[in-house]
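The values are calculated or read from the model by the stated rules, or taken from the named source; none is laboratory data. Since the structure is predicted, the reported quantities are computational estimates derived from the model, not experimental observations. Here the Cβ positions follow ideal geometry from the backbone for every residue, glycine too, while neighbour counts run over all protein chains shown. Heavy atoms of the whole protein, side chains included, go into the accessibility calculation; ligands, DNA and RNA do not. Shrake-Rupley method; radii C 1.70, N 1.55, O 1.52, S 1.80 Å.
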Amino acid sequence: ERHIKRWIGVGVICFSLLFCFAIDGIAKDPDFPTRPIEFIITYGAGGTTDLSCRALCEAASKHLPQPIIPINKIGASGVTGTAIIKNAKPDGYTIGVFTQSPAFIIPFVQETPYDTLKDFTPIIHFGEYIYPSLVREDKPWKTWKELVEWARKNPGQIKVGTTGAKYTQVQGIALSRIELKENIKFTYIPFKSGPETLTALLGGHIDLYGSTVDTTTMDYINMKKVRVLTFLSKSKLPEYENLPNTEEIYEVSVCNLIGVAGPKGLPPYITKKLEDAFTKATKEPSFVSLMKKMHTAIVYMTGEEMGKYIEKTYKEQGEIIKRLKEEEAKRQ
């Protein structure tokens, strides 16, 4: 029995040494990457997130010995793809986009197969969505103040379109906070997608849409089919810089995140190599041009800065959603 215990002890020590050597080998592998890197995009093809990530991957591939291959994994408002990133082997060969809905919101309204604060390695933050609040051009409200005053006199009459349930979208959360500050009431109508919501706005089925900016939305703005009343984001469209956003009016804005992350335990050497490549990518003319064309702001943070932002914003969003639900229960 003593010999058996001795051999077991030797086996444990050998296994531990092999494991340490393996981890150390990954962390100090000067040849990383030696095969293509898979980049998980948590939303469908053709949208702002998809196009910006594809441009970023193409630009970053110029600064690595292997290409970065975008792969769309859609479902559950980004949760499906985010879970794939979380469950990936921490070797740098599976990383992906990290955005606000699956990171900051969904965990507070339903169970998720990951912990936002514990299960990921931030690599780089590269952008922010711009969220204009849109009404049809023929509506009587020329300014955000006029809409609020009308809403106060007509409780529940303004129909707001959201892509999903109110508390699963940053726009719904921001507008709910404004309702409380202004003592007004909106009626929220969920839709399956942004294009469907925009179509409902154009058709007069809803009155207000906290949209994200894409080429289609900009076409309708430029054609004077819809009017921008304010922005729910801190970032604004260049031609609307003098228009107050809700941060300036109420100190309320959407939480905004478009970053790159890997699974927990990504070795520092690999994280640094990826961060360097993506940092250079944000300055590539092809990427800058695409982001400008899509009207998506380039907002850069290092992996460390992104990690601090995630921790701060995650806690803030949890408190906001809890407070909104409590206030909603009181009002009902």
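Label ARG152 and GLU248 with points 7 Å out from Cα along Cα→Cβ: what is the distance between them in nm?
2.1
5 Å is the cut-off here: which amide hydrogens, built 1.01 Å from N in the peptide plane, fall below it relative to ILE158, excluding neighbours closer than 5 in sequence?
Here the answer is THR187, since their amide H atoms fall under 5 Å of that of ILE158.
Report the extension gain between ILE71 and ASP219 in nm, rounded to one decimal, defined as 0.36 nm multiplied by the number of residues separating them, less their alpha carbon distance.
The span from ILE71 to ASP219 would gain 50.4 nm if fully extended.
To the nearest 20 Debye, how big is the dipole of the chain about its Cα centre, given +1 on the beta carbon of each Lys and Arg and -1 on that of each Asp and Glu?
Rounded to the nearest 20 debye, it is 420 debye.
Once you have all Cα-Cα distances for segment 146-194, histogram them in 5 Å bins from zero and send the whole-percent values.
All Cα pairs, binned at 5 Å, distribute as 5, 23, 30, 23, 13, 5, 0 percent.
Along segment 38-54, what does the Karplus equation 6.51 cos²θ - 1.76 cosθ + 1.60 (θ = phi - 60°) give for ³J(HN,Hα), rounded to whole Hz, x for Gly and Pro?
These are the phi-based 3J(HN,Hα) values: 8, 10, 7, 9, 7, 10, x, 5, x, x, 4, 4, 4, 5, 5, 5, 5 Hz.
So which of LYS181/LYS322; LYS272/LYS315; LYS89/LYS315; LYS62/LYS86; LYS234/LYS280 end up more than 18 Å apart, counting from Cα to Cα?
Listed pairs above 18 Å: LYS272/LYS315; LYS89/LYS315; LYS62/LYS86; LYS234/LYS280.
Sort VAL288, VAL228 by heavy-atom solvent-accessible area, probe 1.4 angstrom, most to least.
So, going from the largest accessible area down, we get VAL288, VAL228.
I'm a student and want to see the number: the projected area of the Cα convex hull of segment 26-153, averaged over all directions, in nm².
If I average the Cα hull's projected area over directions, I get 11.1 nm².
Measuring from the lowest to the highest alpha carbon on each principal axis, how far does segment 186-332 reach, largest first, in angstroms?
Extents along the principal axes: 53, 42, 31 Å.
Per DSSP H run of at least 4 residues, take -39500 (n - 2.57); add these up for the chain, divide by its residues and hand me the 222 nm value, nearest 500 deg cm²/dmol. Write down the numbers at each step before the final one.
On the way: 11 runs with 146 residues, N = 332.
Computed ellipticity for the chain at 222 nm equals -14000 deg cm²/dmol.
Going by alpha carbons, how many degrees (0 to 90, nearest 10) lie between the helix axis of 268-281 and the longest principal axis of the chain?
40
What would the Debye formula give as log10 I(q)/I(0) at q = 0.20 Å⁻¹ for the alpha-carbon point model of segment 184-245, no solvent?
Here the Debye-derived log intensity ratios amount to -0.87.
Can you work out ³J(HN,Hα) from phi for every residue in segment 100-108, in order, using Karplus 6.51 cos²θ - 1.76 cosθ + 1.60 and θ = phi - 60°, giving whole Hz and x for Gly and Pro?
Rounded to whole hertz, the list is 5, 4, x, 8, 10, 10, 3, x, 9.
Please give the contour-minus-distance gain from LEU202 to GLU182: 0.36 nm per residue of separation, less the Cα-Cα distance, rounded to one decimal in nm.
4.6 nm
Take the chain, mark every one of the trypsin sites (Lys or Arg not before Pro) that falls in a DSSP loop and has at most 16 other Cβ within 10 Å, then report the longest stretch left between them, sites excluded.
After excluding every exposed loop site, the longest remaining stretch is 63-117.
For VAL299 paired with ARG35, estimate the spin-label separation in nm (one decimal), with each label point 7 Å from Cα along the Cα-to-Cβ line.
Simple spin-label model gives 3.7 nm for this pair.
Residues with amide H under 5 Å of TYR300's amide H, sequence separation 5 or more or different chain, H placed in the peptide plane at 1.01 Å from N; which?
Amide H neighbours of TYR300, under 5 Å, 5+ apart: none.
Using θ = phi - 60° and the Karplus relation 6.51 cos²θ - 1.76 cosθ + 1.60, list the HN-Hα couplings for segment 82-93 in order, rounded to whole Hz, with x at every Gly or Pro.
5, 5, 5, 4, 4, 8, 5, 5, x, 10, x, 8
What order do TYR240, TYR250 take when sorted by accessible area (1.4 Å probe), most exposed first?
The ordering from most to least exposed comes out as TYR240, TYR250.
Quick one: pull the percent of accessible area on the chain belonging to carbon and sulfur, 1.4 Å probe, ligands and nucleic acids left out.
That share works out to 55 percent.
Under 8 Å for C-alpha pairs, at least 6 residues apart: give me the relative contact order for the chain, rounded to a whole percent.
It rounds to 26 percent for the chain.
Averaged per residue, what accessible surface does segment 113-268 expose to a 1.4 Å probe, in Å²?
Numbers: 6510 Å² over 156 residues.
That works out to 42 Å² per residue.
In whole percent, what relative contact order does segment 221-332 give with Cα contacts below 8 Å and a gap of six or more residues?
Result for segment 221-332 is 17 percent.
For VAL252, enumerate residues with amide H under 5 Å from its amide H, sequence gap 5+ or separate chain, H modeled in the peptide plane.
Amide H neighbours of VAL252, under 5 Å, 5+ apart: GLU247.
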